[in-house]
Amino acid sequence: KKLNSSEFRQMFLDFFKEHGHMVLPSASLIPQDDPTLLWINSGVATMKKYFDGSVVPKNHRITSSQKSIRTNDIENVGKTARHQTFFEMLGNFSVGDYFRDQAIPWAWEFLTSPKWLDLPKDKLYCTVYPKDTDSFNVWVKAGMPADHIVKLEDNFWDIGEGPCGPDTEIFYDRGQENNDVAEDDPENFPGGENARYLEIWNIVLSQFNHLPNGKYVDQPHKNIDTGMGLERVLSILQDAPTNFETDLFLPIIHATEEMTPGKKYGVNKEDTTAFKIIADHVRAVSFAIADGAFPSNSGRGYVLRRLIRRADLNGQRLGIKGAFLYKLVPVVGKIMQSHYPEVMDQRSFIEKVIKNEEERFQSTLATGLTLLDDLIDKAKKSPDKTISGKDAFKMFDTYGFPYELTFESAQDAGLKVDKKGFDAEMKAQKERARKARGDLQSMGRQDVTLMNIRDKSEFEYGVYEGPHAKLVD
Ligand code: ATP
Ligand code: MG
Ligand code: MG
Ligand code: MG
């Protein structure tokens with residue numbers, strides 16, 4: 001079936017609505033009452049209050065399309081076909097209501113019924129936990145060919161204590177032509193890391209309680225949570241080789257092409273990756289800012305800073321001059337508007353925040369990049385193939401390159417970075433800043449304004465403030 005992104009998102013929610021679920025809007029990307037989590041990274045992360053019993057939902061069957069950010073996938077973006085930092089997770093949840101006997105057949109029905117996605121059954125595979133014969137049997141009964149069910153030891157979700165259980169994941173066979181590895185490679189099976197079998201949906205069957213004494217007992221109220229990658233399924237529906245050639249990304253990519261001196265998406269690998277990174281990162285930062293995050297030097301803010309600077313670095317590689325990422329905000333806003341009005345609603349604010357952050361970086365980006373290339377050349381010739389901590393720190397301190405940017409570029413070139421050395425430089429700088437502040441205080445100055453400026457100065461923590469920043473005016 002050829003569906004656009006809004007139609008597909010709506011179809012998923014409609015399916016579960018027809019099966020008695022209440023449709024909840026996406027929660028904020030910023031966790032509301034979970035200090036342990038930097039970003040909402042899945043649908044279930046927003047449902048904790050229902051699953052732990054602290055809030056009783058009006059309906060024990062819930063469905064949603066949840067905005068998610070995964071920073072652990074930053075380096076996958078543009079390299080794999082299937083990862084972004086920002087993506088939408090479609091999910092259905094049973095809070096002590098139905099269990100696998102319904103969750104699995106519904107998944108199968110949604111994927112294969114002509115009324116719904118109508119995917120070819122012979123392209124679908126799943127993995128189950130080897131001891132979870134119940135799931136195996138329910139899958140077979142639903143219609144999954146038994147030889148398409150792969151037993152996988154990893155399919156058990158357990159954080160050490162509390163609710164846990166097996167999961168069962170659904171894969172789509174993109175065909176041998178999409179394979180990264182040979183047919184007889186052990187990685188060539190659903191659950192492996194290759195591009196042939198695309199993981200599309202994870203069904204978590206939370207049925208046990210892991211007790212402090214190590215025993216597993218049955219939970220009185222078993223729960224279901226599932227997560228389906230919207231962009232991944234869309235890539236199948238739209239015959240796209242990766243998530244990026246879908247209607248969620250192409251307009252962003254085309255708008256980016258317009259800003260380059262004639263670079264085209266899909267011509268060579270390097271440029272194509274840069275286009276993908278920019279398209280992903282602008283979505284992530286637009287939505288994160290819409291939800292109240294702000295570039296800074298720690299926590300969420302640091303992630304934003306890193307994403308914006310990384311996007312600009314890739315823009316530079318495509319020959320784009322000056323701040324540009326902010327110009328893509330309305331493109332993102334328009335694509336997502338039907339389900340997520342927040343980016344369009346706050347468009348000019350988001351643009352300003354991104355532009356401001358870009359301008360801080362842009363003034364030194366070109367020279368920084370030249371120096372980085374020199375450092376890489378130098379390290380390639382060095383016996384230990386390593387960029388020194390001092391050099392990495394200079395990239396950070398003088399040119400505003402977050403450590404990770406230098407690290408990733410080094411890694412791409414097959415090099416290492418002396419992280420210990422970098423940390424030592426950072427520590428020394430903080431110490432210098434602390435001393436300077438101490439000296440100032442000891443001067444007994446009463447100038448409140450000056451003290452305030454200094455207290456607020458992020459430079460103290462080693463943040464790059466532009467080429468003309470001074471510690472004290
Ligand atoms: P993968 O193994 O491909 O990294 P995962 O096992 O980490 O995926 P889950 O935690 O099971 O993913 O999340 C549920 C679903 O969300 C996945 O089956 C996939 O469809 C989607 N998904 C997960 N991570 C991403 C991502 N970075 N970008 C896009 N979709 C994702
Ligand atoms: Mg993953
Ligand atoms: Mg996986
Ligand atoms: Mg998974």
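The values are calculated or read from the model by the stated rules, or taken from the named source; none is laboratory data. Nothing here was measured: the structure is a model prediction, and the numbers come from that model. Positions of Cβ are backbone-derived with ideal geometry, glycine not excepted, and every protein chain shown enters the neighbour counts.
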Review point. Within 16 Å of ligand 2 (Cβ to nearest atom), assigned to a strand (DSSP E or B) and touching a residue at least 24 places away in the same chain (Cβ under 8 Å), is that true of L205?
Key: no
Exercise for review: Take the residues in the stretch 182-202 that are free of Cβ contacts under 8 Å to residues at least 40 places away in the same chain and assigned to a strand (DSSP E or B), then tell me which one is nearest to ligand 2 (Cβ to nearest atom).
Suggested key: N202
Practice item. State all residues of the stretch 70-83 that are polar (S, T, N, Q) and more than 11 Å from ligand 2 (Cβ to nearest atom); if no residue qualifies, say none. Key: T71
Check your understanding: Is it the case that T246 is farther than 18 Å from D122 by Cβ, away from ligand 4 (no atom under 16 Å from the Cβ), surrounded by 22 or more Cβ atoms within 10 Å (Cβ to Cβ) and under 19 Å from the mean Cα position of the chain (by Cα)?
Key -> yes
Practice item. Of the numbered conditions (1) buried (at least 18 other Cβ atoms within 10 Å of the Cβ); (2) closer than 23 Å to Q238 by Cα; (3) within 16 Å of ligand 2 (Cβ to nearest atom); (4) not hydrophobic (A, V, I, L, M, F, W, C), N155 fails exactly one; give the number of that condition. Key: (2)
Revision key, fill the gap. Considering residues that are of a type in the set (A, V, I, L, M) and either outside any helix (DSSP H, G or I) or modelled with pLDDT under 95 (or both), the number found within the stretch 208-264 is 6
Exercise for review: Could you please let me know if K141 is within 16 Å of ligand 3 (Cβ to nearest atom) and more than 30 Å from S28 (Cβ to Cβ)?
Suggested key: no
Exercise for review: Can you tell me which residue within the stretch 60-93, out of those that are in contact with a strand residue (DSSP E or B) (Cβ under 9 Å, 6 or more places away or on another chain) and among the aliphatic types (A, V, I, L, M), is farthest from ligand 1 (Cβ to nearest atom)?
Suggested key: I62
Exercise for review: Restricting attention to the stretch 270-318, report how many residues are assigned to a helix (DSSP H, G or I), touching a helix residue (DSSP H, G or I) at 6+ places or on another chain (Cβ under 9 Å) and among the hydroxyl-bearing types (S, T, Y).
Suggested key: 3
Review point. Looking at the stretch 239-256, which of its residues are of a type outside the set (S, T, Y) and out of contact with any Leu (no Cβ under 8 Å at 6 or more places or on another chain)?
Key: D239, P241, E245, F249, L250, P251, I253, H254
Review point. Restricting the search to the stretch 65-89, which residues are under 20 Å from A240 (Cα atoms), within 16 Å of ligand 3 (Cβ to nearest atom) and outside any loop (DSSP other than H, G, I, E, B)?
Key: N76, F87, M89
Review point. Under the condition of being in a loop (DSSP other than H, G, I, E, B) and buried (at least 17 other Cβ atoms within 10 Å of the Cβ), which residue from the stretch 1-26 is nearest to the chain's Cα centre (by Cα)?
Key: S26
Revision key, fill the gap. Of the residues in the stretch 421-442 that are under 24 Å from L304 (Cα atoms) and touching a residue at least 24 places away in the same chain (Cβ under 8 Å), the one that is surrounded by the most Cβ atoms within 10 Å (Cβ to Cβ) is F422
Check your understanding: Just one of N92, N137, N155 is within 30 Å of R300 (Cβ to Cβ) and either within 16 Å of ligand 4 (Cβ to nearest atom) or at pLDDT 95 or above (or both); which is it?
Key -> N92
**Study point:** Unique match (being assigned by TED's automatic domain parsing to the domain that holds H83, under 18 Å from D134 (Cα atoms) and either of a type in the set (S, T, N, Q) or surrounded by fewer than 19 Cβ atoms within 10 Å (Cβ to Cβ) (or both)) among Q176, Q219
**Key:** Q219
Exercise for review: Could you list all residues from the stretch 274-323 that are closer than 16 Å to K79 by Cα and modelled with pLDDT under 95?
Suggested key: none
Check your understanding: Can we say W106 is hydrophobic (A, V, I, L, M, F, W, C), touching a helix residue (DSSP H, G or I) at 6+ places or on another chain (Cβ under 7 Å) and on the phi < 0 side of the Ramachandran plot?
Key -> no
Exercise for review: Please determine, by comparing only the residues of the stretch 27-84 that are hydroxyl-bearing (S, T, Y) and more than 17 Å from W201 (Cβ to Cβ), which one is surrounded by the most Cβ atoms within 10 Å (Cβ to Cβ).
Suggested key: T46
Exercise for review: Test D158 against the stated conditions and say whether it is touching a Cys at 6+ places or on another chain (Cβ under 9 Å), within 16 Å of ligand 3 (Cβ to nearest atom) and outside the structural domain of M336 (by TED's automatic domain parsing).
Suggested key: yes
